[in-house]
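S.K.: The structure under discussion is supplied below as structure tokens; questions concerning it will follow.
The values are calculated or read from the model by the stated rules, or taken from the named source; none is laboratory data. Note that the structure is predicted; figures quoted are calculated from it, not measured. Positions of Cβ are backbone-derived with ideal geometry, glycine not excepted, and every protein chain shown enters the neighbour counts. Surface accessibility is based on the protein's heavy atoms, side chains included, excluding ligands, DNA and RNA. Shrake-Rupley method; radii C 1.70, N 1.55, O 1.52, S 1.80 Å.
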Amino acid sequence: MFQWIDIYTLIWLFPIMFILHDFEEIIMVEKWLNNKSSILYAKLPIKAADRVIKQFSMSTAQFAVAVVVIFFFVSGSTFSASQFVNQGQLGNIYIFTIVTLTFFLHAFTHLGQTIFLRSITPGAVTSLIIIIPYSLILYHSLLTNNVITWNIIFICLPFCLLLIPIALFAHWVGRKVI
């Protein structure tokens, strides 16, 4: 089958796609939360709204630090996947699959938030035009070229939940560093 971009390039595009998406979040999150917190209180139970606002109430600089922490995991998983494709000693496709699946599923949370809140949320635009198309192309290529199987995807899916504490840790680091 003709492939317009090779697997190795698709794998190394992942950190770039992550940064493009997170730049949108970095730029928008502080101002959005300041301007739209009333929408959260109107649409969510008070305890849930308080929790969301507490979790994301950080300056743009603090949020950028959190993104850098997560970027280390993204980069490490990408390196590991590139090693896997090249049969390197540090190769592991499972970690990359977990991280990219989380990224893909995360895109739908942005779209769901936008629909639920009836307001463009930070990350929604790049989720729609970058994350979802990139992820579909990536997984189609990985599956077509037998780099991963559906079995690997199903095995990795529950492990996506393990990235939630990493994101929470990244937010904590962002608050402590700045």
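S.K.: Suppose the filter is of a type outside the set (D, E) and under 19 Å from I19 (Cα atoms); does F116 pass it?
M.R.: no
S.K.: Mind checking which residues of segment 159-177 are within 19 Å of F103 (Cα to Cα) and either open to solvent by less than 80 Å² (accessible area, probe 1.4 Å) or not in a helix (DSSP H, G or I) (or both)?
M.R.: C160, L163, P165, I166, A167, A170, H171
S.K.: If A124 passes every condition in (1) open to solvent by less than 90 Å² (accessible area, probe 1.4 Å); (2) closer than 30 Å to Q87 by Cα but one, which one does it miss?
M.R.: In the conditions (1) open to solvent by less than 90 Å² (accessible area, probe 1.4 Å); (2) closer than 30 Å to Q87 by Cα, A124 misses (2) alone.
S.K.: Now a separate question. Give all pairs with beta carbons closer than 6 Å in which a residue from segment 107-119 that is under 15 Å from I129 (Cα atoms) and hydroxyl-bearing (S, T, Y) meets a residue that is part of a helix (DSSP H, G or I) and modelled with pLDDT of 95 or more; count only pairs at least 6 apart in sequence or on separate chains.
M.R.: T114/A124
S.K.: Moving on. Look at F103 and say whether it is aromatic (F, W, Y), open to solvent by 30 Å² or more (accessible area, probe 1.4 Å) and either in a helix (DSSP H, G or I) or under 22 Å from I166 (Cα atoms) (or both).
M.R.: no
S.K.: Can I ask one more? Inside segment 107-121, can you point out the residues that are crowded, with 17+ Cβ neighbours inside 10 Å and not hydrophobic (A, V, I, L, M, F, W, C)?
M.R.: Of everything in segment 107-121, those that are crowded, with 17+ Cβ neighbours inside 10 Å and not hydrophobic (A, V, I, L, M, F, W, C) turn out to be H110, Q113, T114, T121.
So that you can scan it fast, the table gives a plain yes or no per residue for (1) on the phi > 0 side of the Ramachandran plot; (2) surrounded by fewer than 17 Cβ atoms within 10 Å (Cβ to Cβ); (3) outside any helix (DSSP H, G or I); (4) without any contact (Cβ under 8 Å) to a residue 24 or more places away in the chain:
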{"site": "A49", "(1), (2), (3), (4)": "no, no, no, yes"}
{"site": "A66", "(1), (2), (3), (4)": "no, no, no, no"}
{"site": "G76", "(1), (2), (3), (4)": "no, yes, no, yes"}
{"site": "L90", "(1), (2), (3), (4)": "no, yes, yes, yes"}
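S.K.: Which one is nearest to the chain's Cα centre (by Cα) among residues in segment 1-32 that are of a type in the set (A, V, I, L, M) and at pLDDT below 90?
M.R.: I5
S.K.: So, in segment 100-114, exactly how many residues are within 21 Å of I152 (Cα to Cα) and touching a Leu at 6+ places or on another chain (Cβ under 7 Å)?
M.R.: Selection size over segment 100-114: 3.
S.K.: Out of the residues in segment 127-148 that are assigned to a helix (DSSP H, G or I) and open to solvent by 40 Å² or more (accessible area, probe 1.4 Å), which is farthest from L33 (Cα to Cα)?
M.R.: Step by step, filter segment 127-148, then rank; the result is T144.
S.K.: Now for a separate question. In segment 24-44, what residues are open to solvent by less than 90 Å² (accessible area, probe 1.4 Å) and farther than 12 Å from I120 by Cα?
M.R.: I26, E30, S37, S38, L40, A42, K43, L44
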